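**Student:** Dropping a structure here in structure tokens format, bear with me for questions.
The values are calculated or read from the model by the stated rules, or taken from the named source; none is laboratory data. This structure is a prediction, so every number in the text was calculated from the model and none was measured. Don't worry about glycine lacking a Cβ; one is built from the backbone with ideal geometry, like all the others, and counts go over all protein chains shown. Surface areas here come from the heavy atoms of the whole protein model, side chains and all, with no ligands, DNA or RNA. Shrake-Rupley method; radii C 1.70, N 1.55, O 1.52, S 1.80 Å.
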Amino acid sequence: GAGVSQSPSNKVTEKGKDVELRCDPISGHTALYWYRQRLGQGLEFLIYFQGNSAPDKSGLPSDRFSAERTGESVSTLTIQRTQQEDSAVYLCASSLSRGAGYSNQPQHFGDGTRLSIL
Amino acid sequence: AQTVTQSQPEMSVQEAETVTLSCTYDTSESDYYLFWYKQPPSRQMILVIRQEAYKQQNATENRFSVNFQKAAKSFSLKISDSQLGDAAMYFCAFPNFGNEKLTFGTGTRLTIIP
């Protein structure tokens, strides 16, 4: 498809388990962002990729969270030893931004992964 | 750091009427962009409209327009002729200079009354 694709759509797991969330950005988009949205709240920035490098990881809440991107395409967000406070919708977005200022390039979002920790 | 404030957690409007959603922000930048995104129950964030701060003219996209007051750091969204499909959460967003990561407001839930 032409849009940002995320999988799985929903994930239910037990506390303490590891989870992997996947994002397929729009082809040709060099910038990729992960955000977290807790129930009834706005989006919080987690991490930014430009190409395969992650120059801004400032939003990752703890060292249990990590992400990588390969081939300037697919990205995976991994949460280790999940806790109940990790329950949220995780949204991925991509854009044509080159990370050099203001490009006026909008971010295109996927449908998100709803993560529920039991 | 930028901050974005949406002071209306919920709004409702009669179908076909006009509604205005407010947003204020704080920044030290002089040239920047602002966005309004819509999030229906499907969860996907959909770009509604964008405003370039250096432009005097308010942005318009069909039934959606903004009232941009740069000096007051205010960026409100006006929806004219409201339709049932406009029901959603609306978020105001400000990009960071450089990597353009977005800072979002807390959102306004818009209900359309038939």
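**Student:** So how many Å³ per residue does the convex hull of the Cα atoms of the range A:1-81 work out to?
**Tutor:** For the range A:1-81, the hull spanned by Cα atoms encloses 106 Å³ per residue.
**Student:** In square angstrom, what is the accessible area per residue of the protein assembly as shown with a 1.4 angstrom probe?
**Tutor:** On the way: 10860 Å² over 232 residues.
Result: 47 Å² of accessible area for each residue.
**Student:** Using a 7 Å offset from the Cα along the Cα-to-Cβ direction at both A:Ser5 and B:Thr3, what is the distance between the two label points in nm, to one decimal?
**Tutor:** 4.2 nm
**Student:** I would also like to ask the following. Of all trypsin sites (Lys or Arg not before Pro) in the range B:13-114, which ones are in loop regions per DSSP and have a Cβ with at most 12 other Cβ atoms within 10 Å? Write down the numbers at each step before the final one.
**Tutor:** Working: sites: B:Lys38, B:Arg43, B:Arg50, B:Lys55, B:Arg63, B:Lys70, B:Lys73, B:Lys78, B:Lys101, B:Arg109; in loops: B:Arg43, B:Lys55, B:Arg63, B:Lys70, B:Lys73, B:Lys101.
Loop-located and lightly packed - B:Lys55.
**Student:** What are the ³J(HN,Hα) values, in whole Hz, obtained from phi via the Karplus relation 6.51 cos²θ - 1.76 cosθ + 1.60 with θ = phi - 60°, for each residue of the range A:62-79 in sequence order, with x given for Gly and Pro?
**Tutor:** With the stated coefficients, the range A:62-79 comes to 7, 6, 6, 9, 8, 8, 9, 9, 10, x, 6, 9, 4, 10, 10, 10, 10, 10 Hz.
**Student:** Can you give me the Rg/Rh ratio for the protein assembly as shown, using Cα atoms for both radii and the Kirkwood formula for Rh?
**Tutor:** Working: Rg = 17.7 Å, Rh = 18.2 Å.
Rg divided by Rh gives 0.97.
**Student:** Further question on the same structure: Give the separation of the Cα centroids, the range B:5-80 to the range A:3-62, in Å.
**Tutor:** The distance from the Cα centre of the range B:5-80 to that of the range A:3-62 comes to 25 Å.
**Student:** Within the range B:1-67, report the GluC sites (Glu not before Pro) that DSSP leaves as loop and that have at most 14 other Cβ atoms within 10 Å.
**Tutor:** On the way: sites: B:Glu10, B:Glu15, B:Glu17, B:Glu29, B:Glu52, B:Glu61; in loops: B:Glu15, B:Glu17, B:Glu29.
Of the GluC sites (Glu not before Pro), the ones in loops of the range B:1-67 whose Cβ has at most 14 other Cβ atoms within 10 Å are B:Glu15, B:Glu17, B:Glu29.
**Student:** Moving on. Provide a list, ordered by number, of residues in the range B:42-83 showing at least 10 Å² less accessible area with every protein chain present than when their chain is taken on its own, using a 1.4 Å probe.
**Tutor:** Flagged in the range B:42-83: B:Ser42, B:Arg43, B:Gln44, B:Met45, B:Leu47, B:Arg50, B:Glu52.
**Student:** Please compute the contact order of chain A in relative form: average sequence separation of alpha-carbon pairs under 8 Å and at least six residues apart, divided by the residue count, as a percent. If you can, show how the numbers build up before the last one.
**Tutor:** Numbers: 295 pairs, mean separation 43.2, N = 118.
About 37 percent, as a whole number.
**Student:** Quick check on the range A:36-77: what are the equivalent-ellipsoid semi-axes from the Cα gyration tensor, as sqrt(5λ), descending, whole Å?
**Tutor:** Numbers: eigenvalues 84, 25, 18 Å².
Three semi-axes, in Å: 21, 11, 9.
**Student:** So what does log10 I(q)/I(0) come out to for chain B at q = 0.13, 0.19 Å⁻¹, using the Debye formula with one equal point on every Cα and no solvent?
**Tutor:** Taking Cα atoms of chain B as identical point scatterers yields -0.45, -0.96.
**Student:** Interface A/B, total buried accessible area with a 1.4 Å probe, nearest 100 Å²?
**Tutor:** Numbers: alone 6510 and 6610 Å², together 10860 Å².
Rounded to the nearest hundred, the buried surface is 2300 Å².
**Student:** Run the numbers on chain B and let me know its relative contact order in percent, using alpha-carbon pairs under 8 Å that are six or more apart.
**Tutor:** Details: 272 pairs, mean separation 41.8, N = 114.
Contact order relative to length: 37 percent.
**Student:** Counting only protein heavy atoms and a 1.4 Å probe, tell me what percentage of the range A:59-118's accessible area is made up of carbon and sulfur.
**Tutor:** Details: 1060 of 2470 Å².
Exposed carbon and sulfur together represent 43 percent of the surface.
**Student:** Report, ordered by chain and residue number, the lysines lying within cross-link reach of A:Lys57, taken as a straight Cα distance under 23 Å and ignoring same-chain residues fewer than 8 apart.
**Tutor:** Result set, ordered by chain and number: A:Lys17, B:Lys101.
**Student:** Still on this structure, I have one more. Using a probe of 1.4 angstrom, how much of the accessible area of chain B is carbon and sulfur, in percent?
**Tutor:** Values: 2530 of 5480 Å².
Ligands and nucleic acids excluded, carbon and sulfur give 46 percent.
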